[in-house]
Each structure stands twice: as structure tokens, then as C-alpha cells.
1. What residue among 119, 327, 79 has its Cα farthest toward the positive end of the dipole of the chain, where the charges are +1 on Lys, Arg and -1 on Asp, Glu, each on the Cβ?
2. Most fluctuating residue of 264, 207, 290 in a GNM of the chain with Cα springs under 10 Å: which is it?
3. Angle between the Cα long axis of helix 41-53 and the longest principal axis of the chain, 0 to 90 degrees, nearest 10?
4. Defining a contact as two alpha carbons under 8 Å apart and six or more residues distant in sequence, what relative contact order in percent does the chain show?
5. Based on the Cα gyration tensor of the chain, what are the three equivalent ellipsoid semi-axes, each the root of five times an eigenvalue, rounded to whole Å and given largest first?
6. Beta carbons within 10 angstrom, averaged per residue: use that to sort the peptides 121-131, 212-222, highest first.
7. What is the diffusion coefficient of segment 93-168 in µm²/s, taking the Kirkwood radius over Cα pairs and the Stokes-Einstein relation at 37 °C with a viscosity of 0.692 mPa s?
8. Along the principal axes of its C-alpha atoms, what lengths does segment 81-121 span, in descending order and rounded to whole Å?
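The values are calculated or read from the model by the stated rules, or taken from the named source; none is laboratory data. No experiment lies behind these values; they were computed from the predicted model shown. Counting neighbours? That spans all protein chains shown, and the Cβs are built from the backbone with ideal geometry, glycine included. All accessible areas refer to the heavy atoms of the entire protein, side chains included, with ligands and DNA or RNA removed. Shrake-Rupley method; radii C 1.70, N 1.55, O 1.52, S 1.80 Å.
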Amino acid sequence: GQAFLVGDGSLIIVADHSLPSLGDDGRPPKHTKVEREAETALLRNQGVVRWLRQLPEGRRGWIIAMDEPLSELRRRFVAENRRVQQLASMCISSARLDGGMKYRVTSGAWCGNDGWESNGGTFKVLRSGSAVPESRRVPLCIAVNKRHYTYRIENSKTGCIGIHAESNTRWEHAHTVYASKDGKGESMCVGVQIAGEKTRWTVQRAERCDRGGFRHTFGFNAMSERQYSPPFVRACLVTYTADAERLLRMVTGAACDGQAVEHESWFMAVDAGAGGHRIALTQSRDGGGEMRYRASLSGSGDAAKSTASGETLFVPPTPSGDLLCYCRLESAPKVFFTWALGDCVAENSSKEFC
């Protein structure tokens, strides 16, 4: 799963859009702090409460006490994409300029002020680019020309600052925010309109920015509230009846809710790698129209079996959870299949796999 770190050495990280603007040399003002240590228990508590309130619906969280230094955990979790990626909204607004349009990008969910219309919608970026490895960041450098209050957007950390050679215009840094190369949000485009001292850029929710007098310069994917796919899947053994036999079948996720759950486990949602296994869950109807549920086990490197009517779960090479066994139950003249916590010890049962 993803982690939120709290304790001695935990940090309060300033949102990118809240940082002071960079100077003409591309450097931050002196004494600017991108992050600071959460010195008091109150600040740490506030961080935990904020994290708990922002847990997506249907997700669970738990607390683990660790001896490893938080600085090392933070480095490792970012590298492994396990740090919680908090997001921020960027708002697109527009205004008239010489019979055409100019565009602005500012932080927040609404940006209709000072003659600008908040009509371009919003998109999500990372609250802090430090949430992902530097190699995966997509920088969006935003600058303003205060002579005509036009805006510039470059795919660079500091490349929007200073003189723009093609138009000979001067730009002051507003802020630099970041998306990710792994963004799963809508497609965004950036374009430029070269018009001398009124040169300006646009950002739109589209594949390309080749309209309204603008020339497409680059594109990126916004972040998404559904950006993160948990690596674990909740699985439950629930009871059902077939031909008067009380059996257990495995269901996952929301299907566990409202069921008579006998046992709950967690599996991996992605291939566990060499030495691991995959469990294919399938379902079909028999000749009498009754639903039958089956499970099969194979090595993680084996060719995947078709699971069009079910799904696949993965077991790591060295699992540490409870032992679950899939059992064959002989009840002449029929054969049934069920799950058991531990070995298959019921009368007339035999083990298929554990």
C-alpha cells in the first residue's frame, strides 16, 4: 500500500504552488524552506488526522511502528511509489486580448477574478513534486508578463523565467508545479501564440492546442483522484448453498460487504514474481442453471488462464497470512468444491491446493 510517515524526523512539506516565486536567476529567495520538521506532537497529530480524512472511500489504513529512520523510509517509499500522492487543483481562466483570448493557470478550484473568467475548468497536479521520483516528474513552469498580464507555460522547472527569445518578451516566475509521467487524469495540452509583446500561452483539456491562433508545444496527463491502484485485494470466504450442501466461495472487494463472511484475507493484485502463484476465480452455470464457483492455482510465470467470468489474485513467494485450502468434496453422485481455513479435514473431502 501507500504510506504516510509520522514520528521523529517527519516533515511538513510546503505545497509547490505555495512556494515563493523564483528570481530571474532561477533560484528561490534566501531562507526559503520547501520542507521543515514537524517538531511538535500537535503538528504530527494534525498530519495524521488530515491523512485519515482524505482516505478514499472503501480504503483502509493501519498504523505500523518502525525502528527504521524516517528519512530512509521516505527515500525508499518514493522510489517504490508507496508514498501517498496528495493532489492539488489548478484552475484555467481566460480573458479577452486584441480580439483573441489569453489564458491563465492558478491554484485552486475557482479563478474568476480581476477580469478573468473561470471557464476553462480545473485539473489535478501533485501537491508536491517530491511525492514521485525526479525521473517521473513532469514540471510545469508558469510565468507572467506583467505588461499585458499574459502567461507562459513551459515543460521545465525554471525555463519559463527571463527573456523569451522568439518574441523578445520578459517573464517573471509565478510558480512551478508538477504532474507525473504516470498520470492517469485527462489529456492536457499547452500551446503558444507568438504576437510580439502580447505573446501568450494556453493550456487546455485536450490532446492538442492547435486552435484559436495557438501552436501546440507539448502535452501531459493530469493527475487523477483514482491515480493509485492498491497492490492488495481484500478477499473473503462467504457461505452459499448448492444442492443442500453448505459451501464456501471466495469473493473480493465490495462483494464482501453484506455477505456472511467466514474469513477475510489479503492477496496481491499484481503478479508476485518468480516463486509466487496465481489463483484464478471463475464462475459458471451447470446444466440445471445453478451457479458453480471454481478456483485454480498456477505458478506466477505460467501462461495466464482465461478468467473472463472471474478474476485473478496473486500470492507472493513467502506469504505470511493464514493457511487457506481449496477442497474437493465428494457427495455421491455429485462433486462440490469449497474452501477451508487450514487443511481439508471435512468428511469425504480431499485437498486440491493450499
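1. In the chain, that residue is 119.
2. Of the options given, 290 has the highest mean-square fluctuation.
3. 70
4. About 10 percent, as a whole number.
5. Working: eigenvalues 572, 122, 55 Å².
They are 53, 25, 17 Å, listed largest first.
6. Details: 121-131: 21.3, 212-222: 17.5.
Ranked by mean Cβ neighbours within 10 Å, highest first: 121-131, 212-222.
7. Numbers: Rh = 14.2 Å.
Calculated translational D: 231 µm²/s.
8. 48, 17, 12
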